[in-house]
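Report on the following structure.
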Amino acid sequence: MAPELQIREPTQHGFESRAEFPIFKAMEISRTTPPRPFTDVLGRLRGVGLRPTRQRLALARLLFEPGDRHVTAEALHGEARAMRIPVSLATVYNTLHQFTSAGLLRELVVEPGKVYFDTNTGSHHHFLFEDSGDLLDIPAEAIDVGALPPAPTGTRIGRVDVIIRVAPEER
């Protein structure tokens, strides 16, 4: 049996419904296209009131798109150079400190002169592998921070960072 043929009454514009207009079809297509590459980092920067300069956007992509990570300024500068992003080490340092002040990063001083920047700003702690310098996140609830001494007069405890230094087992 052949399918039943339906005859539509012509409309003023030649389209049955508003959804059939070319402009609305184009809007539907644009809703299904992937977002622009900088959309996420652009939103992060604007969300904390930072102007999205080219260098900030490029460094933010390197920092945030791979997911949570720990990075030094020198390592990020090396990544930027490898990607042919023209940025000085001083600009990398300045940008990392701006991101930290804005709450996008946590600064971890693991020893004098050795600073990591952590893209995971939630409450957590770290293992520091002494042989490689790598950091590994530890969920906050995995460590029981016992009784703390009272904060000095006129101050409060902002947060407690635990860094557990680990070394390879001796054989």
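The values are calculated or read from the model by the stated rules, or taken from the named source; none is laboratory data. Since the structure is predicted, the reported quantities are computational estimates derived from the model, not experimental observations. For neighbour counting, all protein chains shown are included, and Cβ atoms are generated from backbone atoms with ideal geometry for every residue, glycine included. In case anyone asks, the SASA skips ligands and DNA or RNA and just uses the protein heavy atoms, side chains included. Shrake-Rupley method; radii C 1.70, N 1.55, O 1.52, S 1.80 Å.
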| remark: Residue set I138, I164; condition in contact with a strand residue (DSSP E or B) (Cβ under 8 Å, 6 or more places away or on another chain), open to solvent by 40 Å² or more (accessible area, probe 1.4 Å) and not hydroxyl-bearing (S, T, Y); output residue I164
| note | Quick count over region 86-102, residues being touching an Asp or Glu at 6+ places or on another chain (Cβ under 9 Å), open to solvent by 20 Å² or more (accessible area, probe 1.4 Å) and touching a residue at least 12 places away in the same chain (Cβ under 8 Å), is 2
| said: Condition check: open to solvent by less than 40 Å² (accessible area, probe 1.4 Å), within 11 Å of the chain's Cα centre (by Cα) and either within 17 Å of L104 (Cβ to Cβ) or without any contact (Cβ under 8 Å) to a residue 24 or more places away in the chain (or both). Does L62 satisfy that? | reply: yes
| said: modelled with pLDDT under 90 and out of contact with any Cys (no Cβ under 8 Å at 6 or more places or on another chain): is that true of E141 in this structure? | reply: no
| Yes/no for T72 being in contact with a strand residue (DSSP E or B) (Cβ under 7 Å, 6 or more places away or on another chain) and of a type outside the set (F, W, Y) | yes
| request: Working only within region 28-51, note down all residues that are at pLDDT 55 or above, part of a helix (DSSP H, G or I) and either among the hydrophobic types (A, V, I, L, M, F, W, C) or open to solvent by 70 Å² or more (accessible area, probe 1.4 Å) (or both). | output: D40, V41, L42, R44, L45, R46
| remark: Picked from region 103-135 (must be under 16 Å from G158 (Cα atoms) and part of a loop (DSSP other than H, G, I, E, B)), the residue most open to solvent (accessible area, probe 1.4 Å) is S123
| message | Checking I85 against (1) under 23 Å from K114 (Cβ atoms); (2) over 10 Å from the mean Cα position of the chain (by Cα); (3) part of a loop (DSSP other than H, G, I, E, B): exactly one of these is not met. Which one? | response | (1)
